[in-house]
């Protein structure tokens, strides 16, 4: 990763930062919730719900990448911009929900250093669900052939509509990252099984849309103490 941002990257960062609004914190101490999960696992839905309940700012990696795309820049410094945004919120005594995939060890190490430097509680929240549900969500989501739509506005050799292109790109991303989260077990016809992570995580199964909010509420109740 570069040590400094280019002019266009700074412009993208400025635009993203402009949209940040730090709400009143509902926890005694600031907290960082770092999300872990595949595309379609409910990661963003849980992130938004949790942020609203504890008074936190959602910093979504996809939104940062959209701003970089609009500037004609690559995504390699999206993580740096997300960390800068998190630091700004933290310095304002706010809490942060990082809507990105922290399955990568190096990525976890960076956010751990940030949390430790500012003596902030770091909690990993992992979302997962039934595989058919995950694929179904990805296909059924709404996409637009527009730069502001991360998947619908992405480059692809598929020449269908913005809707079908967005679904194709999102499915490609899901398949690309599946080995980070699952291992293949060749039993009873074969199935994907969640990998165990080397860090403590809070598991949220989002398969049933009527039940996962209750599970999140129980977790957040402990954070408010």
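Every number here is computed from the coordinates shown, using simple stated rules; none is lab data. Source: prediction; values computed, not measured. Please note: Cβ atoms are built from the backbone with ideal geometry, for glycine as well, and neighbour counts cover all protein chains shown.
Quick notes on this one:
- Taking only the Cα atoms of the chain, the ratio Rg/Rh comes out at 0.96, with Rh defined as the Kirkwood radius.
- Efficiency of FRET between residue 139 and residue 26 - r from beta-carbon atoms, R0 41 angstrom, step 0.05: 0.70
- Stretchable slack from residue 109 to residue 17, in nm (0.36 nm times residue separation minus alpha-carbon distance): 30.8 nm
- Among beta bridges that DSSP assigns inside the chain, antiparallel share in %, nearest 5: 15 percent
- Packing-based order for 58-65, 31-38, using average beta carbon neighbours within 10 Å, highest first: 31-38, 58-65
- Per-residue ellipticity at 222 nm computed for the chain from its helices equals -14500 deg cm²/dmol, with DSSP H segments shorter than 4 residues left out and the rest contributing -39,500 (n - 2.57).
- Report note on the peptides 70-82, 45-57, 174-186: ranked by the mean count of other C-beta atoms within 10 Å, highest first, their order is 45-57, 70-82, 174-186.
- Column: log10 I(q)/I(0), Debye, Cα scatterers of the stretch 49-139, q = 0.16, 0.21 Å⁻¹: -0.77, -1.16
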